[in-house]
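Accompanying notes for the structure given below.
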Amino acid sequence: MRKMLLAALSRVLQGPAAAAARPVSRVVVASRNYADFASEATFDIKKCDLHRLEEGPPGTAVLTREEGLRYYKTMQTIRRMELKSDQLYKQKIIRGFCHLYDGQEACCVGLEAAIKPTDHLITAYRAHGYAYTRGTSVREILAELTGRKGGCAKGKGGSMHLYAQNFYGGNGIVGAQVPLGAGIALACKYFGKDEICLTLYGDGAANQGQIFETYNMAALWKLPCIFICENNRYGMGTSVERAAASTDYYKRGDYIPGIRVDGMDILCVREATKFAAEHCRSGKGPILMELQTYRYHGHSMSDPGISYRTREEIQEVRSKSDPITLLKDRILNNSLSSVEELKEIDVEVRKEIEEAAQFATTDPEPPLEELCNHIYKNEPPFEVRGPSQWIKYKSVG
């Protein structure tokens, strides 16, 4: 015992010099060499079904490493944002209508990859993904869902009314955005701009009479408009087979050319949109795209989504056709990235979503006196009648 105490005392007295003399074990971390990754890869993609077209989009697509990582991160961000929205809704932090986009990420990301920032886009109420791809931040989207002042519509629009530069919503009336989209395309043509409008609607809205009226005007005036039907197989709780005598939505324009696209494959969507955009820019008039896709959640948060389809059906689509998994497998199998690098992206995305959710739950709600602001842009302030004639609000642009 005495020897042990003396030895311990000796080590203390010797101090750090003795510690420095002892051999130190080192952990060597191998640095990633990005030169080991391929710069690009070429993939065979599903050919599109054509209507009134002799040739369609190509059957192959080139994906660069940079594009692959960017698409992967964007799709993961949208997926995580929608899952966070689901969580916040169930906590009663998000209220009212809320239509989630998870499962359909390849559509919005693929479309955006094929057009210019100066082009225009309008869609229905399942709009979160498009708001993000058009440039709205996650925190602005989530803050809008929670009705906060920092939302992209100042907390006054909610889930169905998100807006960004050259993005016109977010529209709550079924099918009503389609004539508006044709109007935007008319403006593009009228002002002589090399711009197009992507006008989106769902399979449920595809039976609306106003859509066929819009087809007619767009074809007559050769408007630079891509009509895009996102066919996720169910209009609310009704399958397309029960709602439509013809489910060939890409042929619905009759005299307007159409293409049917695999909407679960981002490369198919991108190449088809490039083809459609070139068709419109060359002065040939409108074209119709049908994106065959699938939503994992119900129609809205009030719909559990399993009364008209089975859990097994949803799981089969997840396991065989998930758009993010498909892209991830292509990236890894062709040495465009590594598992570790994609995991780093996943961690980064989760952090961004959590920070955005924190902002969306702590940012203040807009005060009552701002209720009528932003009715018009760049207009002098004016009074707006409230719930009764004695209550007045001032509107500031």
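Taking packing as the residue-averaged number of other Cβ atoms within 10 angstrom, the listed peptides 329-336, 171-178, 302-309 run from highest to lowest as 171-178, 329-336, 302-309.
Taking a Cβ cut-off of under 13 Å around ILE45, the surrounding Lys, Arg, Asp and Glu residues balance to a net charge of +1, with basic ones at +1 and acidic ones at -1.
Only alpha carbons enter this Debye calculation for the stretch 312-397, each as an equal point scatterer, and the log10 of I(q)/I(0) it gives at q = 0.14, 0.18, 0.20 Å⁻¹ is -0.74, -0.90, -1.01. Ordering THR60, ALA205, GLY172 by the projection of their Cα atoms onto the charge dipole of the chain, which places +1 on the Cβ of Lys and Arg and -1 on the Cβ of Asp and Glu, puts GLY172 at the extreme positive end.
Any idea what the relative contact order of the chain is, in percent, if you count C-alpha pairs under 8 Å spaced at least 6 apart?
Worked out over the chain, it gives 20 percent.
Taking 1.567 mPa s as the viscosity and 4 °C as the temperature, the Stokes-Einstein diffusion coefficient of the stretch 95-181 based on its alpha-carbon Kirkwood radius rounds to 101 µm²/s. In summary, the lysines within cross-link reach of LYS73, defined as a Cα separation below 21 angstrom excluding same-chain residues under 8 places away, comprise LYS84, LYS116, LYS320, LYS328, LYS343, LYS351.
Hydrodynamic radius of the stretch 205-328 by the Kirkwood approach over all distinct alpha-carbon pairs: 15.8 Å.
Here the chain is treated with +1 on each Lys and Arg Cβ and -1 on each Asp and Glu Cβ, and its dipole about the Cα centre works out to around 1360 debye.
Counting Lys and Arg as +1 and Asp and Glu as -1 over every other residue whose Cβ lies under 9 Å from the Cβ of VAL240, the net charge comes to 0. Distance between the modelled labels on LYS351 and ALA38, one decimal in nanometres: 3.0 nm (7 Å Cα→Cβ projection). By accessible area, using a 1.4 Å probe on protein heavy atoms only, the chain has 53% of its surface on carbon and sulfur. All distinct Cα pairs of the chain go into the 1/r average, and the inverse of that average, the Kirkwood radius, is 23.5 Å.
Put a plus charge on the Cβ of each Lys and Arg, a minus charge on the Cβ of each Asp and Glu, and nothing anywhere else: the dipole of the stretch 147-241 about its Cα centre is then about 520 debye. With K and R counted +1 and D and E -1, the other residues having a Cβ less than 11 Å from that of GLU383 yield a net charge of +3. Across the stretch 185-276, Cα-Cα distances exceeding 17 Å account for 53% of all pairs. Summary of the geometry: the stretch 360-397 and the stretch 282-297, compared by the centres of their Cα atoms, lie 38 Å apart. With all protein chains in place and ligands, DNA and RNA left out, the 1.4 Å accessible area ranks ASP86, ASP248 as ASP248, ASP86, largest first. On a per residue basis, the chain carries 52 Å² of accessible surface, using protein heavy atoms and a 1.4 Å probe. Each principal axis of the Cα cloud of the stretch 240-397 was taken in turn, and the coordinate range along them, longest first, works out to 64, 49, 41 Å.
Based on DSSP H runs of at least 4 residues, each adding -39500 (n - 2.57), what is the mean residue ellipticity at 222 nm of the chain after dividing by all its residues, to the nearest 500 deg cm²/dmol?
-12500 deg cm²/dmol
Straight-line reach from LYS156: taking Cα to Cα under 19 Å and skipping same-chain neighbours fewer than 8 places apart, the lysines in range are LYS92, LYS377, LYS392, LYS394.
Taking the centroid of alpha carbons for each part, the stretch 55-120 and the stretch 181-233 are 21 Å apart.
The values are calculated or read from the model by the stated rules, or taken from the named source; none is laboratory data. Computed from a predicted structure; not experimentally measured. Because the Cβ atoms are built from the backbone with ideal geometry, glycine has one as well, and the counts that use them run over all protein chains shown. To get the accessible areas, we keep the full protein, side chains included, count just its heavy atoms, and leave off ligands, DNA and RNA. Shrake-Rupley method; radii C 1.70, N 1.55, O 1.52, S 1.80 Å.
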